[in-house]
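Peer 1: Pasting a structure below so you can have a look.
The values are calculated or read from the model by the stated rules, or taken from the named source; none is laboratory data. Remember, predicted model here, so these are calculated numbers, not experimental data. FYI the Cβ positions are ideal-geometry reconstructions off the backbone, even for glycines, and counts take in every protein chain you see.
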Amino acid sequence: MISQTSPLARLVETDSGIGESYRHITKSVTPGKLLELSEATIKWYEVYPQDRPVPDEIKRLARACITTTPLEIPGLGFLLLHRCGQDFYFLIVCTWRNNNELWETVFYKDGNAMSEFAAFPREGSHKPTLCVWEMAPVWHEQQA
């Protein structure tokens, strides 16, 4: 008798989206100082491993990026400054548009390899959006 493997079982075996070496850790979410721009008011959140908060210098670079980069982010919104691993950071700026849509602009900084934040390259049609830790402040904002 031939046993058929279900599409779900095949997916879990071949490409579940989770690497074998991945280990989930606990992260903290901390609100920061409100950022008021000429066209937008942005709440600030930092996401980081509990034992490695975002350094002040990275916060300064992130704030400089948002205040000096010409952005098309009018309205009310929030940003996530997310420390990933040792020294990789995402800076995700979100605003509420079109009545009920969340729009985003993404920057990143890869440790000492980069002196400042830069626009995150987003090629292809299926793009990364939010990780599991970033969903907590997004949920909070949706409820607000």
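Peer 1: Scan region 73-81 and tell me whether some residue there is surrounded by fewer than 17 Cβ atoms within 10 Å (Cβ to Cβ), closer than 18 Å to Phe120 by Cβ and of a type outside the set (Val, Ile, Thr).
Peer 2: Checked against the condition, which is being surrounded by fewer than 17 Cβ atoms within 10 Å (Cβ to Cβ), closer than 18 Å to Phe120 by Cβ and of a type outside the set (Val, Ile, Thr), region 73-81 yields no hits at all.
Peer 1: In addition: Could you go through region 79-96 and let me know if any residue there is of a type in the set (Phe, Trp, Tyr) and without any contact (Cβ under 8 Å) to a residue 12 or more places away in the chain.
Peer 2: no
Peer 1: Looking only at region 74-92, filter to residues that are of a type outside the set (A, V, I, L, M, F, W, C) and either under 15 Å from Glu57 (Cα atoms) or modelled with pLDDT of 95 or more (or both); which one of those is nearest to the chain's Cα centre (by Cα)?
Peer 2: Of everything passing the filter in region 74-92, His82 is nearest to the chain's Cα centre (by Cα).
Peer 1: Within 19 Å of Asn112 (Cα to Cα), among the basic types (Lys, Arg) and either loosely packed, with under 14 Cβ neighbours inside 10 Å or over 15 Å from the mean Cα position of the chain (by Cα) (or both) - does that describe any residue in region 44-60?
Peer 2: Yes.
Peer 1: If you scan region 107-119, which residues turn out to be farther than 16 Å from Ala64 by Cα and touching a residue at least 24 places away in the same chain (Cβ under 8 Å)?
Peer 2: Residues satisfying the conditions are Gly111, Asn112.
Peer 1: Which count do you get for residues in region 36-56 that are closer than 23 Å to Thr68 by Cα and either touching a Lys or Arg at 6+ places or on another chain (Cβ under 7 Å) or of a type in the set (Lys, Arg) (or both)?
Peer 2: Final tally of qualifying residues: 4.
Peer 1: Can you tell me which residue in region 92-143 is surrounded by the most Cβ atoms within 10 Å (Cβ to Cβ), limited to those that are charged (D, E, K, R) and in a strand (DSSP E or B)?
Peer 2: Result: Lys109.
Peer 1: Now a separate question. Failed condition for Ala40, given (1) among the aliphatic types (A, V, I, L, M); (2) free of Cβ contacts under 8 Å to residues at least 60 places away in the same chain; (3) under 25 Å from Ile25 (Cβ atoms), with all others met?
Peer 2: Exception for Ala40: condition (3).
Peer 1: Looking at (1) in a strand (DSSP E or B); (2) among the charged types (D, E, K, R); (3) free of Cβ contacts under 8 Å to residues at least 40 places away in the same chain, which is the only condition Arg60 fails?
Peer 2: So Arg60 meets the others, but not (1).
Peer 1: A further question follows. Does at least one position in region 17-39 carry a residue that is more than 24 Å from Ala144 (Cα to Cα), in contact with a Cys (Cβ under 9 Å, 6 or more places away or on another chain) and of a type outside the set (Ser, Thr, Tyr)?
Peer 2: no
Peer 1: Just for region 6-41: of the residues that are among the small types (Gly, Ala, Ser) and assigned to a loop (DSSP other than H, G, I, E, B), which one is farthest from Pro128 (Cα to Cα)?
Peer 2: Ser38
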